[in-house]
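These notes are about the structure you will find just below.
The values are calculated or read from the model by the stated rules, or taken from the named source; none is laboratory data. Keep in mind that what you see is a predicted model, and the values were worked out from it rather than measured. So basically every Cβ, Gly included, is an ideal-geometry build from the backbone, and we count neighbours across all protein chains shown. Side chains are part of the model used for accessible areas, which takes the heavy atoms of the whole protein and leaves out ligands, DNA and RNA. Shrake-Rupley method; radii C 1.70, N 1.55, O 1.52, S 1.80 Å.
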Amino acid sequence: MDKLQESRTTAVYDHVTMFELAPVSLWLEDYSGLRRLFDAWRAAGISDLRAYLGEDRARVQACSAEIRIVEVNRRTLDLFGAADRDDLVRNLPVVFRDEMLSTHIDELVQLWSGATRFGGDTVNYRLDGRRLDVHLQGTILPGHEATWDRVLVAIEDISEREYARKRQAASEAYAQGLFEHSPVSLWVEDFSRIKQLLDGLRQRGIADFRVFTDVHPEFVNQCASEIRVIDVNKRTLDMFGAPDRATLLRHLPDIFRDAMVRDFREQLIQLWDGHLFHTREVVNYTIEGDELHLLLQFSVLPGHERDWSLVQIALTDITARKKAEAYLEYLGRHDVLTQLLNRAHYSEELKRLERKKLFPVSIVIADLNGLKTANDSFGHAAGDSLLRRAGEVLNKVTEAPASAARIGGDEFALLLPFTDERGTGEIIKQIRNLVQLNNQFYPGQPLSFAIGAATALPGESLEQAARRADLAMYADKRAQKLSSGPLCEAAE
C-alpha cells in the first residue's frame, strides 16, 4: 500500500513538474461558469451563438468573465511579464482586449457546437502593453466534459512568425502596387517553350540563326505562338485600349502584327546570342488599330536564366516622340508653305537619280507668275495663298518615284525618272488643266506658271538638263508676256 501511494505521489509530482517547466505557456482554467451561461442561453432560445455574440460585444466580455484561472506555469508569467499568478489575474483586462474579443468568438462557437478541443490565432498583450500574436489551443480534460471545470490551454508565441508574414505580405503588396500602377506597360510572360525550341535547333547543329530564319520564317511565327502571357498591369490595358485582361489576350494577333514580326525576329536573334536583357524600338497597335511606337525593354528575371519561365517586358509609349521626330524630319525635307520638297532635298534627289542611272530622267522647271505683284498689291498673305495653290497643283501631278520641289521663292522643279519627252509633255498638260480648274475655285488672283522641260540626253548630266529646262521656262515666260501685251509685261 505504501508503494502504491508513493507511485501516485511521484506521478502527481511529475505532472506538476511537466506543467511548470513546459516550454510553452500553459493555463489550467475553470470553464464551468461559461458552461452554465451557455445552458441558460440555450434555455432562453438562443441557437446561433455567433450572431448573438456579434450583436453585442458585451456578451463576449460576459463569457470571458465566467472563465476562472486555476494555475499558470512559469513560461506564462515570463511571456506576459507578470511577477506571479495573482499579478497576472489582476491584469487580465490588459492581457485580453481589443482584437482578442473578436477572435474569442470563434473559440466560444467551437465549444457551443460540442467540441472538446478549440483553438486559433489571436492577439494578447503583455502587462507592459506590448502586443503578442499567439496561437491558442484548448482542451477540456478527460473526465470533465460534463462540467468544463478543468480546461488546459496552451499558448504559443508566434509574434516573430506573424511579423515576418506581415512583412512578406506588405512586401508582396508593395511589389504588386509597383507593378500594377507602373507608368509604363508591364508584361510578365513565360518564354520557356521558346527556350526549348532554340535549344532544339542547337542540338540539330544550327549555328547561324539569322540565316536559318531567313530560310524558315515560319519558325518566328511558331515562337510567337508559344509565348504565354502570365500577367499585365493596368497601364497595359489603358495603352492598348482593352477593358480587361481577357479582352487584351483575345486581341493579341491584332496588337502584334506587320512590322512587329520583324522586330520579334530580332529579339529571338538576341536571345540566341545570349542577350537576356535587351532594348529596342518596336511598333504595336491598339485594339482599335491605332499605331503605337514603343520602347521595348526585355529581361529574363533573375533565377530564371536556365529556362526563361519568367520574363518581364516593359513598353514605354514613344509615339508622341516619334511623331515629333517625323515632323522635324519632314521640315528638314519639305517646304512648309507648299508641302513640296525643299531645295536641299531636290539637290540630293538630283544626285541620287544620276548615281542610280534611272534614265530616262526629265526635269520640269515651273515659275509662278505674278507672285511679286500679289505681294506688292495685296500683301504677303495673298502671295502665300498663290504659293499654297501652286503646291496643291504640283503635288497632284506627281506620284512616286516622281517628286516636286520648291527650289526658290517662286520657282519649282519636278524630277521625273523613267519619263521621256512624251511623258513629260503629258505631265505639263495635266499641270495646265489643273491650273484652270484651280482658278475656278479661287476667284481673284489667277494662278499661272511659266514652264520649261528637258529630258537628259545620253552622256548629259542632270544639272545640264536642269539648265536647259530653266532656259526653256524663261522662253515660255517671254512668250506669255508677248501674248499678253505690254500691260502684263509692265506688271511683271
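Descriptive notes on the structure:
- Pair list, Cβ < 7 Å and 6+ apart or interchain, from the stretch 223-237 residues that are over 26 Å from Leu197 (Cβ atoms) to residues that are assigned to a helix (DSSP H, G or I) and aromatic (Phe, Trp, Tyr): Asn233/Phe179
- Only a single criterion out of (1) of a type in the set (Gly, Ala, Ser); (2) open to solvent by less than 60 Å² (accessible area, probe 1.4 Å); (3) modelled with pLDDT of 90 or more is not satisfied by Ala44, namely (2).
- Only one entry in Leu79, Leu111, Leu132 is out of contact with any His (no Cβ under 8 Å at 6 or more places or on another chain) and not in a helix (DSSP H, G or I), namely Leu132.
- Evaluation of Leu53 against (1) open to solvent by 40 Å² or more (accessible area, probe 1.4 Å); (2) closer than 18 Å to Ala115 by Cβ; (3) modelled with pLDDT under 95 (one fails), failing number: (1)
- Within the set Leu350, Leu337, the sole residue that is assigned to a loop (DSSP other than H, G, I, E, B) and either aromatic (Phe, Trp, Tyr) or open to solvent by less than 80 Å² (accessible area, probe 1.4 Å) (or both) turns out to be Leu337.
- Set side by side, the residues Val70, Val89 differ, and just one is among the β-branched types (Val, Ile, Thr), modelled with pLDDT under 95, part of a strand (DSSP E or B) and surrounded by fewer than 15 Cβ atoms within 10 Å (Cβ to Cβ), which is Val70.
- Residue within the stretch 341-350 that is among the basic types (Lys, Arg) and touching a residue at least 12 places away in the same chain (Cβ under 8 Å) present: yes
- Filter result for Ala314 (out of contact with any Ser or Thr (no Cβ under 6 Å at 6 or more places or on another chain), at negative phi and touching a residue at least 60 places away in the same chain (Cβ under 8 Å)): yes
- Positions within the stretch 247-266 being farther than 23 Å from Arg280 by Cα and open to solvent by 60 Å² or more (accessible area, probe 1.4 Å), in sequence order: Arg250
- Residues in the stretch 28-41 that are touching a residue at least 12 places away in the same chain (Cβ under 8 Å), open to solvent by less than 50 Å² (accessible area, probe 1.4 Å) and part of a helix (DSSP H, G or I): Ser32, Gly33, Leu34, Leu37, Phe38.
- Selection count, the stretch 145-195, where residues are without any contact (Cβ under 8 Å) to a residue 24 or more places away in the chain and within 24 Å of the chain's Cα centre (by Cα): 10
- Condition met for Asp244 (of a type in the set (Asp, Glu) and in contact (Cβ under 8 Å) with a residue 12 or more places away in the chain): no
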